[in-house]
Amino acid sequence: MSDETQLEARLEEQDRFDPPESFVEQANVSDEAIYEEFENNWPEAWERAAELLNWETDWDQVLNDDDEPFYEWFVDGELNATENCVDRHLDERGDEAAIEWVGELGETRTYTYEELHREINEFAAALREQGVEEDDVVTLYMPMVPELPIAMLACARIGAPHSVVFAGFSADALAERMNAAESETLVTCDGYYRRGDALDHLSKAREGLADVDGDVTTIVVDRLGDDAPTDVDDEHVYGDLVADHEGATVEPVTRDAEDMLFLMYTSGTTGKPKGVKHTTGGYLSYAAWTSHAVLDIKPEDTYWCSADIGWITGHSYIVYGPLALGTTTVMYEGTPDYPEKDRLWEIVEEYEVTQLYTAPTAIRAFMKWGPEYPEAHDLSSLRLLGTVGEPINPRAWKWYYKHIGDEECPVVDTWWQTETGGMMITTLPALGTMKPGSAGPPLPGVSADVVDASGDPVEAGRAGYLVVNKPWPGMLRTLYNNDERFIEEYWQEYSIPERDQWVYCPEDGAKIDDDGYITVLGRVDDVLNVSGHRLGTMEIESAIVGVEGVAEAAVVGGDHEMKGEAVYAYVITEDGQAETESFREEIIAAVEDAIGPIARPEAVVFTPELPKTRSGKIMRRLLEDIANGDEIGNTSTLRNPEVVDDIQQKIE
Ligand code: WTA
């Protein structure tokens, strides 16, 4: 056996890994007692998180649980998020890089804390001049350009909550989110580069704006220069506004701990996205604490999270967490395989990146491309690796550990959600034994369990529903303008209000082992996880039934080697509608228009009927079995069992 095969064989068998000694010696958190401290001194132990920040006024109470589940954290405390992420670092780190930005064409920009501070002030002054006031929601529909975090922090400086809409979302999705938030200010961008081509973004924004109620002020960042048409309708140009306010200073607005820092729309079980509300004190403390304890971030690090800021991962772990700790955060505009499949490793080597936080989908792609790409680069600067967004299969975990981390870096598999604000379940990198495929125990102070349908804990090894039993500072406070839906979506299933027992339900399936390690299996509601992106089946279905000629549609997730899950659409056409290839394309285009290319169906299957129970409910589980080519489960409860054969034949 060659050395290499021996190594592979050993890794194949090994199912536990201990943190490397060299890491433990320098870790931010390396004392096992932290678990006990949080247990014995809960909720006061959470002051540890808040103490990572600068407060203008200290809190009177750590947790107010008088009106459950509307919890409040660090009650009566006052602070400003931008002051914490930028101003307070100026004395010590003014000349150090805050953001290292790498464009897809290879151009780079460095913003020191001093420079970041200057531009945030100038843009904050411009926003004010445009009439943006405290508590006005500002929508940011932008790709990965430095002006995005600058705009976020300018909003936070003046106390205007931002609502970032992922640039890959469609015009319709933008309009829906702006209307739901009653947002009358939009900051967008003329375009961006993908695989070397300039993509037009502004037309999409304008198309969306046509459906937005109210009188919207639009500001456009010029990313493409001569590669984009320069005609600007009645929009403002970001660069001109900033230039007009050169040298301006805007005092950070004092915000209450519970004041909204931002809104983030995410997919749920209904067709309407949910506006998750995060606060200034609890969220920022939580983002900073988890960045410190789990990602082990220190000011002198160069840390890189390869997510898009349009998702929660980018909010918490590209912008707020890392900048609150005064470190250098890397931002990459493009794709990992352009111009070559070693782009990420080139950046790690060039910037001497110390921590890398990415998604299992990306790791599966790296595996497929082969180890020669990382091997061509010096990755020895790396100290810690992280993953997020979807379950990671042990093979991908081990590949990451070996080929990227050289068996020298702990891997943190972090389970969390848009709603949780930050990481909830993961090993602490210097403390826990790592078990590939299992995220680990809940963080100190976080209380999670796996229960059955009646809310009782399940035995070790059995699948059940993940629940969170205690509040935590980073939790969403409500759904924007919809307290009722907040309770229905997250608290109704397992709580017993009469006994003051409130249990948060994340809608994930999971199992727990004898050591208390939790393996998250995936969503148990009608939400899909495609390449780590959350998509609601109802949103996709409503786009499909909107196409003329479609009578009914059911969307389910099927297993996908690279994406984890892929979208399968089963469609019944109206009488007289031909089931042609062009009709199929029309359906796919409708999904892209309503949501964006990330929701593009892998397959559109025309069928005369959908499998339904006698009471008329679509049996989604059967459709999933069909999509996966699995053995079909029990069909005896079906009103129309014969349809299963028909559909199976079509998909083959
Ligand atoms: C899934 C992303 C397994 C889960 C931060 C959750 C995971 C949904 C993991 C939230 C993980 C996230 N292991 N599954 N480490 N991390 N998930 O809101 O199903 O975009 O409910 O937040 O992603 O997705 P969201």
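Before moving on, here are some points about what is shown:
- Odd one out for Arg639 among (1) in contact with a Pro (Cβ under 9 Å, 6 or more places away or on another chain); (2) surrounded by 15 or more Cβ atoms within 10 Å (Cβ to Cβ): (2)
- Helices (runs of 4 or more DSSP H) (entirely within region 309-405) containing at least 2 residues that are within 21 Å of Gly422 (Cβ to Cβ): 321-324, 360-369
- For region 31-43, the set of residues classified as farther than 24 Å from Trp491 by Cβ and either within 28 Å of the chain's Cα centre (by Cα) or open to solvent by less than 40 Å² (accessible area, probe 1.4 Å) (or both) consists of Ile34, Tyr35, listed by residue number.
- If you check Ser316, Ser306 for being within 16 Å of the ligand (Cβ to nearest atom) and surrounded by fewer than 24 Cβ atoms within 10 Å (Cβ to Cβ), only one passes: Ser306.
- Screening Pro391 on (1) within 16 Å of the ligand (Cβ to nearest atom); (2) modelled with pLDDT of 95 or more shows it passes everything except condition (2).
- Glu104 meets the conditions (1) over 30 Å from Asn393 (Cβ atoms); (2) in contact with a strand residue (DSSP E or B) (Cβ under 8 Å, 6 or more places away or on another chain) in every case but one. The failed one is (1).
- Top-ranked residue of region 52-75 - restricted to ones that are in contact (Cβ under 8 Å) with a residue 24 or more places away in the chain and among the charged types (D, E, K, R), ranked as surrounded by the fewest Cβ atoms within 10 Å (Cβ to Cβ): Glu56
- Extreme residue, most open to solvent (accessible area, probe 1.4 Å), among residues of region 563-615 that are closer than 20 Å to Gly168 by Cβ and part of a loop (DSSP other than H, G, I, E, B): Arg600
- Filtered residues of region 429-458 (kept if more than 15 Å from the ligand (Cβ to nearest atom) and in a loop (DSSP other than H, G, I, E, B)): Ala430, Leu431, Thr433, Pro444, Gly445, Ser447, Asp452, Ala453, Ser454, Gly455, Asp456, Val458
- Condition check for His278 on (1) within 16 Å of the ligand (Cβ to nearest atom); (2) at pLDDT below 95: one failure, at (2).
- Selection count where residues are more than 16 Å from the ligand (Cβ to nearest atom) and open to solvent by 30 Å² or more (accessible area, probe 1.4 Å), scope region 253-269: 4
- When Glu493, Glu548 are screened for being under 25 Å from Thr607 (Cβ atoms), open to solvent by 60 Å² or more (accessible area, probe 1.4 Å) and either within 18 Å of the chain's Cα centre (by Cα) or among the acidic types (Asp, Glu) (or both), only Glu548 passes.
One line per residue, one yes/no per condition, for (1) surrounded by fewer than 16 Cβ atoms within 10 Å (Cβ to Cβ); (2) over 30 Å from Ala50 (Cβ atoms):
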{"position": "Leu479", "(1), (2)": "no, no"}
{"position": "Glu498", "(1), (2)": "yes, yes"}
{"position": "Trp502", "(1), (2)": "no, no"}
{"position": "Cys505", "(1), (2)": "no, no"}
{"position": "Ala510", "(1), (2)": "no, no"}
{"position": "Thr519", "(1), (2)": "no, yes"}
{"position": "Leu535", "(1), (2)": "no, yes"}
{"position": "Glu541", "(1), (2)": "no, yes"}
{"position": "Ala553", "(1), (2)": "no, yes"}
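- The residue of region 90-115 that is farthest from Thr328 (Cα to Cα), among those that are within 25 Å of the chain's Cα centre (by Cα) and small (Gly, Ala, Ser), is Gly103.
- Considering the conditions (1) assigned by TED's automatic domain parsing to the domain that holds Pro601; (2) away from the ligand (no atom under 16 Å from the Cβ), Pro497 is excluded by exactly one of them, (1).
- Taking the conditions (1) open to solvent by 40 Å² or more (accessible area, probe 1.4 Å); (2) of a type in the set (Asp, Glu); (3) more than 25 Å from the chain's Cα centre (by Cα) in turn, Asp87 satisfies each one other than (1).
- The numbered conditions (1) touching a Phe, Trp or Tyr at 6+ places or on another chain (Cβ under 6 Å); (2) in contact (Cβ under 8 Å) with a residue 60 or more places away in the chain are all true for Met424 except (2).
- Filter result for Ala627 (without any contact (Cβ under 8 Å) to a residue 40 or more places away in the chain and either in a helix (DSSP H, G or I) or farther than 15 Å from Gly558 by Cα (or both)): no
- Summed over region 335-375, residues that are touching a helix residue (DSSP H, G or I) at 6+ places or on another chain (Cβ under 7 Å) and either open to solvent by 10 Å² or more (accessible area, probe 1.4 Å) or without any contact (Cβ under 8 Å) to a residue 12 or more places away in the chain (or both) total 8.
- Restricting the first member to region 284-297 and to residues that are in a loop (DSSP other than H, G, I, E, B), and the second to residues that are open to solvent by less than 10 Å² (accessible area, probe 1.4 Å) and aliphatic (A, V, I, L, M), the beta-carbon pairs closer than 7 Å and six or more apart or on different chains are Val294/Val412; Val294/Met423; Val294/Leu428; Leu295/Leu384; Asp296/Leu384.
- Qualifying residue in region 409-426 (condition: more than 19 Å from the chain's Cα centre (by Cα), surrounded by fewer than 24 Cβ atoms within 10 Å (Cβ to Cβ) and either more than 8 Å from the ligand (Cβ to nearest atom) or among the basic types (Lys, Arg) (or both)): no
- Residue list for region 13-25, filter: surrounded by fewer than 12 Cβ atoms within 10 Å (Cβ to Cβ), part of a helix (DSSP H, G or I) and touching a residue at least 60 places away in the same chain (Cβ under 8 Å): Ser22
- Per the conditions (1) under 22 Å from the mean Cα position of the chain (by Cα); (2) open to solvent by less than 10 Å² (accessible area, probe 1.4 Å), the sole criterion not satisfied by Asp172 is (2).
- Qualifying residue in region 175-182 (condition: in contact (Cβ under 8 Å) with a residue 40 or more places away in the chain and over 25 Å from Asp234 (Cβ atoms)): no
- Matching residues, region 501-524, being charged (D, E, K, R) and either more than 9 Å from the ligand (Cβ to nearest atom) or farther than 24 Å from Arg485 by Cα (or both): Lys511, Asp513, Asp514, Asp515
- All strands (runs of 3 or more DSSP E) inside region 66-154 with 3 or more residues being closer than 27 Å to Ala50 by Cα and at pLDDT 95 or above: 72-75, 97-102
The values are calculated or read from the model by the stated rules, or taken from the named source; none is laboratory data. Fair warning: this is a prediction, and the values are worked out from it, not measured in the lab. Cβ atoms come from the backbone with ideal geometry, glycine included; neighbour counts cover every protein chain shown. Accessible surface areas use protein heavy atoms only, side chains included; no ligands, DNA or RNA. Shrake-Rupley method; radii C 1.70, N 1.55, O 1.52, S 1.80 Å.
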